[in-house]
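The values are calculated or read from the model by the stated rules, or taken from the named source; none is laboratory data. Quick caveat, the model's predicted, so the values are computed rather than measured. Here the Cβ positions follow ideal geometry from the backbone for every residue, glycine too, while neighbour counts run over all protein chains shown. Heads up: the accessible areas ignore ligands, DNA and RNA and are worked out on the full protein's heavy atoms, side chains in. Shrake-Rupley method; radii C 1.70, N 1.55, O 1.52, S 1.80 Å.
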Protein chains: 2
Amino acid sequence: MVTRLSNYFLRTLREDPSDAEVTSHRLLVRAGYIRRQAPGVFAWLPLGLRVKNKIEAIVREEMANAGAFEVHFPALLPREPYEVTGRWEEYGDALFRLHDRKGADYLLAPTHEEVFTLLVKDLYSSYKDLPLSIYQIQDKYRDEARPRAGLLRGREFTMKDAYSFDVSDAGLDASYQAQRDAYERIFTRLGLEYEIVQADAGAMGGSRSEEFLHPTAVGEDTFVRSAGGYAANVEAYTTEVPEARPIEGLAPATVFDSPNTPTISTLVDLANERHPRDDGRAWTAADTLKNVVLALQHLDGSRELVVIGLPGDRDVDLKRVEVAFSPAEVEAATEADFAANAGLVKGYIGPWSPQGPVLGEESATEIRYFLDPRVVDGTEWITGANVDQQHVFGLVAGRDFTADGFVEAAEVRAGDPAPDGSGPVELARGMEIGHVFQLGRKYAEALGLKVLDENGKLVTVTMGSYGIGITRILAIIAEGNNDERGLIWPKAVAPFDVHVVAAGRDAAIFEVAEELVASLEASGKDVLYDDRTGKVSPGVKFGDAELIGVPVVVVVGREATEGFVELWDRAAGTKDRVAIADLAL
Amino acid sequence: MVTRLSNYFLRTLREDPSDAEVTSHRLLVRAGYIRRQAPGVFAWLPLGLRVKNKIEAIVREEMANAGAFEVHFPALLPREPYEVTGRWEEYGDALFRLHDRKGADYLLAPTHEEVFTLLVKDLYSSYKDLPLSIYQIQDKYRDEARPRAGLLRGREFTMKDAYSFDVSDAGLDASYQAQRDAYERIFTRLGLEYEIVQADAGAMGGSRSEEFLHPTAVGEDTFVRSAGGYAANVEAYTTEVPEARPIEGLAPATVFDSPNTPTISTLVDLANERHPRDDGRAWTAADTLKNVVLALQHLDGSRELVVIGLPGDRDVDLKRVEVAFSPAEVEAATEADFAANAGLVKGYIGPWSPQGPVLGEESATEIRYFLDPRVVDGTEWITGANVDQQHVFGLVAGRDFTADGFVEAAEVRAGDPAPDGSGPVELARGMEIGHVFQLGRKYAEALGLKVLDENGKLVTVTMGSYGIGITRILAIIAEGNNDERGLIWPKAVAPFDVHVVAAGRDAAIFEVAEELVASLEASGKDVLYDDRTGKVSPGVKFGDAELIGVPVVVVVGREATEGFVELWDRAAGTKDRVAIADLAL
């Protein structure tokens, strides 16, 4: 096929869009690939659709290779199945909800676990029908609080979501592995660097959850990896728990006055001044216990304050805390929260117990108290006394205070040990491009998906869920393949195989270009042909070619009549004079 | 590609779905093509998706041949552009409306005129950029009051919608013709019989609107056609208006008592008994003027009663009336409407004037009165006197009563004259499969789409809109291609090229079948291979083959080892013994 720029639906823009925060957004809009319709909602222009279709074709091929069959669900779905699994509520404001003319509730599906489960329940009834993997490539909706970065975090996006159905755990493992392998093939074909990282602690019945992250400085996910092969999302990182120490023989705690000491650093200074250590080493923030007040916003609308104690040299990582308290949303306590809870003495908060603040005035306010896993029994801490202007030395975990539980609340830092013993971790940033997840029997149980096993007994099916963000991948490829002049697509997803530019005004040049284009088409190439005449200068044409980013450009110019063209490799930035007869594209 | 039934995601059903009203719905569900998710909302299973993809591919090819470029818009769109054109209101309950977490209004687009207009406005500015035709294939939403007949009238459906943009009327005509020609090619390739019918009176500035109807008894559209080539939707049919007659010399009207005469037929009987015609011919219903009270439901929520007078031998066609009063909705007046308007004497209603009922008691109720175009000045009528138990003879149009206007309210009947003089029309039923429509400058004006013309002057662009219902077409093809045993797809859209059935238990049969399937695959065929073993009998396999409806079935049975198979033509119903070596598919 030959597409002629003279009548193609394309307008490249000289100016960056004012709302573009990232390179991919900026270039995809300027080069005429996408166009904004509403916050986080885009229309696909012809060039963009071509690249999207190429990515989808690769995904489809590898899904077929993985034995998955394609289906297609509507975006508009009834409330009921999502009500049964609790997701109608859990999704909170991120779910687009609506009702029809009869008042029945509907949603725009953010993912389709429920209806895939019901479809299989509807049609299949025997272990003989399984294993089964089915998928769709479909437009999804999430009402993001802050849609941004163009396609990287939109409110409408195209996703490939696959679901596997098995009778046994071993079957699920095999289905999971088939999808995981397909993902590796897909990202390799797309030329997309990726890291496979653990996406949760794996503590829940051995089910696996892994994310494919594309390492990039603009990524919104932080992950850790060790030289020994450990890799995990920071939300999934688990702290190495030290052994408990003997409590017997430890000195009693002493409360001391600490005016104007509301921060960890002022507390450390005061401690070194007033109570220098016997061995002469200075106290550091790691010797203090920081107590942070957080507010949990529960699904039922209630707001609960909790206090979390962690070593003073670490900050709380709210994303990690959210995993621990999911599906509640977590935020820092507000001034109003402190004002409403007299027992919470800001700057002087210490451990807390069901009876109220440890050491401080007893208070009627019941606040749950959680500890970082490092705060094991027998550890001694300098911390707040829950009394204004007072702190305490030598408060011993397990003797002077206990907790309602332990949470992974502290930030992960470079140098922290990998939980599998494979050495210290380093931190990196990435963008999620895929997720493979063993759902296990959660959805099948909730929705009653059972089949008869070999013995004629009803068993609940075990499932996996596997997602790839098609439109996000497109943006990430654009993000990683450009220069200051425009996009430079990898061949596998370029909108055209070759971009031929007729550079000049002579009719002879256009004649040669037409011949060349015809022969390229005959050899099966998909050609973009810049056949514009009139006032469109070669400079404008070259600028457009750079912006659009077809990796192979052939410039038909002055030497065309002598049988020579220029072969321009956008990625390498080289331009070679080549005899037309020798052109091998 | 070879798809093996032993592990394909397919379950054919023995029972018809309980909610299936039409054959296509029944068979598409039973054969495993689609599955219902909510009223009028379906999921596409692998077989269905294959057929849908084939239809879409044909549409895409012909759109490219027509010079149209593909884009893709989201289903979720902001309210504003639809507010500007009035469609946010006009669509009434048929529009799915929702709002995001910030309270901004959105809709699920039923069609995309507004955003296509804005896209072109956004990117183009000169006559040199035009003409332009762009299209998408996209899932649309309409909250139908009565979703039914499976895919034939769903609430979610896939549509190809194209839009053309031109500077001149002649340009629009050319763009319109290109789409119209493409539609003819598409329906021909799909093997779909069609009639092109006028879809409105064409009175609005010469703009054209034509529907492609597939003639079928289950069609919900009625159209008329003459032997001379006229064809129109009944809503677009225009009545031949007789010449006015002289009023002078006509006898004065006479009111007469007519107890218990609430219907046209009792009125005709009474007239023939009391006032026989001078020339001896009997009065018929055509001599009476029937006055029908209708209620208009306006967009602003108000309800207005109107009276329509038409010859007593014709019924009102509400669909035709709705076109006349669009965008108001029209329904018959209710008992409550009559009760609230004392002047309306049910069964005795006559012409009405702004001052109140003609002849009857004067009333404060202002009701607009409309006439069928046949009721020209000088025609004499037997009609109601607007007084209980009284009618009137010889009431003369233009002398005794006038109207607020004329409306095409009467039903069209076989034998009525075609308005273009091409002879009497016959009525037929059809299903809309495409619509080509010259929008003219309506949307461009509302949304400010102007370009500079050759003289540097801003001119408003003129547009066309062209739709094809992809999923509806699929259902219509299924509706027209089946027998009592199942579907029989035309080759152009069949889910597979050939369906190979291994019929028997001998390993030798499967060996031959495997070889055959491999050679078919090597020759580029897309093969469905029924390789099921175990308890699946040949009878079950044949039944599934019939239900699924691949038009070419090859049965590999007992004679396979001798080199023979059975070639089964599903459409012809023939089964021929063929040497494998001679198989030409």
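Miscellaneous remarks
- Some residue of the range B:61-70 being in contact (Cβ under 8 Å) with a residue 12 or more places away in the chain and either outside the structural domain of B:Ile186 (by TED's automatic domain parsing) or out of contact with any helix residue (DSSP H, G or I) (no Cβ under 9 Å at 6 or more places or on another chain) (or both): no
- Which listed residue, of A:Asp453, A:Asp506, A:Asp416, A:Asp483, is closer than 30 Å to A:Gly312 by Cα and either at pLDDT 95 or above or not hydroxyl-bearing (Ser, Thr, Tyr) (or both): A:Asp416
- Wholly within the range A:262-340, strands (runs of 3 or more DSSP E) carrying at least 3 residues that are aliphatic (A, V, I, L, M) and in the same structural domain as A:Thr402 (by TED's automatic domain parsing): A:289-297, A:303-311
- Filter pass, B:Gly40 being modelled with pLDDT under 95 and either in contact with a Ser or Thr (Cβ under 8 Å, 6 or more places away or on another chain) or facing chain A (nearest Cβ under 10 Å) (or both): yes
- Qualifying residues in the range A:57-103 (those that are basic (Lys, Arg) and assigned to a helix (DSSP H, G or I)) - the one farthest from the other protein chains (Cβ to nearest Cβ): A:Arg87
- If you check B:Lys450, B:Lys525 for being in the same structural domain as B:Lys121 (by TED's automatic domain parsing), open to solvent by 10 Å² or more (accessible area, probe 1.4 Å) and not aromatic (Phe, Trp, Tyr), only one passes: B:Lys450.
- Taking the conditions (1) touching a helix residue (DSSP H, G or I) at 6+ places or on another chain (Cβ under 8 Å); (2) under 26 Å from A:Asp416 (Cβ atoms) in turn, A:Arg185 satisfies each one other than (2).
- Residue match in the range B:135-144 (condition: assigned to a helix (DSSP H, G or I) and modelled with pLDDT under 95): no
- If you go through the range B:378-428 and keep only what is of a type in the set (Gly, Ala, Ser) and crowded, with 19+ Cβ neighbours inside 10 Å, you end up with B:Gly384, B:Ala385, B:Ala397, B:Ala403, B:Ala409, B:Ala410, B:Ala418, B:Ala428.
- Top-ranked residue of the range B:332-365 - restricted to ones that are among the small types (Gly, Ala, Ser) and either surrounded by 14 or more Cβ atoms within 10 Å (Cβ to Cβ) or on the phi > 0 side of the Ramachandran plot (or both), ranked as modelled with the lowest pLDDT: B:Ser363
- Any hit, the range A:39-50, residues being crowded, with 22+ Cβ neighbours inside 10 Å and basic (Lys, Arg): no
- Only one of the numbered conditions (1) within 26 Å of B:Gly405 (Cα to Cα); (2) within 44 Å of the chain's Cα centre (by Cα) is not met by B:Ser226, and that is (1).
- Sole exception among (1) touching a Lys or Arg at 6+ places or on another chain (Cβ under 7 Å); (2) modelled with pLDDT of 95 or more; (3) within 12 Å of chain B (Cβ to nearest Cβ) for A:Gly48, by number: (1)
- Residue ID - most open to solvent (accessible area, probe 1.4 Å), chosen from residues in the range A:532-551 that are of a type outside the set (Lys, Arg) and more than 13 Å from A:Gly486 (Cα to Cα): A:Thr533
- The lone exception for B:Glu235 - which of (1) outside any loop (DSSP other than H, G, I, E, B); (2) within 15 Å of B:Ala199 (Cβ to Cβ); (3) at pLDDT below 95; (4) not polar (S, T, N, Q) it fails: (1)
- Test result for B:Leu151, open to solvent by 10 Å² or more (accessible area, probe 1.4 Å) and away from every other protein chain (no Cβ under 11 Å): yes
- Between B:Thr462, B:Thr471, the distinction of being of a type in the set (Val, Ile, Thr), in contact with a Leu (Cβ under 6 Å, 6 or more places away or on another chain), in the same structural domain as B:Ala182 (by TED's automatic domain parsing) and under 30 Å from B:Ala170 (Cβ atoms) belongs to B:Thr462 only.
- Qualifying positions in the range A:104-125 - within 12 Å of chain B (Cβ to nearest Cβ), part of a loop (DSSP other than H, G, I, E, B) and within 21 Å of the chain's Cα centre (by Cα): A:Ala109, A:His112
- Within the range B:1-37, the residues that satisfy the criterion of being more than 8 Å from chain A (Cβ to nearest Cβ) and assigned to a strand (DSSP E or B) are B:Val2, B:Thr3, B:Arg4, B:Ile34, B:Arg36.
- Taking the listed residues B:Glu322, B:Glu329, the one that is modelled with pLDDT under 95, within 22 Å of the chain's Cα centre (by Cα), more than 22 Å from B:Phe223 (Cβ to Cβ) and not aliphatic (A, V, I, L, M) is B:Glu329, with no other qualifying.
- Filtering the range B:243-261 to residues that are surrounded by 10 or more Cβ atoms within 10 Å (Cβ to Cβ) and either free of Cβ contacts under 8 Å to residues at least 40 places away in the same chain or not in a loop (DSSP other than H, G, I, E, B) (or both) leaves B:Thr254, B:Val255, B:Phe256, B:Asp257.
- Pairs linking a residue in the range A:158-182 that is within 20 Å of A:Val71 (Cβ to Cβ) to a residue that is of a type in the set (Lys, Arg), with Cβ atoms under 8 Å and 6 or more positions apart or on different chains, are A:Thr158/A:Lys52; A:Thr158/A:Lys140; A:Met159/A:Lys140; A:Asp161/A:Lys140; A:Tyr176/A:Arg208.
- Strands (runs of 3 or more DSSP E) lying entirely in the range B:518-585 (those with 3 or more residues that are more than 25 Å from B:His25 (Cα to Cα)): B:552-556, B:564-569, B:574-579
- With respect to (1) at the interface with another protein chain (Cβ under 10 Å from one of its Cβ atoms); (2) under 30 Å from A:Asn455 (Cα atoms), the lone exception for A:Tyr163 is condition (1).
- Counted residues, the range A:391-408 - those being β-branched (Val, Ile, Thr) and outside any strand (DSSP E or B): 2
- Taking the range A:44-56 as the range and being in contact with a His (Cβ under 7 Å, 6 or more places away or on another chain) and either farther than 25 Å from A:Arg189 by Cα or assigned to a helix (DSSP H, G or I) (or both) as the test, only A:Leu49 passes.
- Looking only at the range A:136-145, residues that are within 10 Å of chain B (Cβ to nearest Cβ) and either surrounded by fewer than 23 Cβ atoms within 10 Å (Cβ to Cβ) or within 14 Å of B:Phe9 (Cβ to Cβ) (or both) come to 5 in all.
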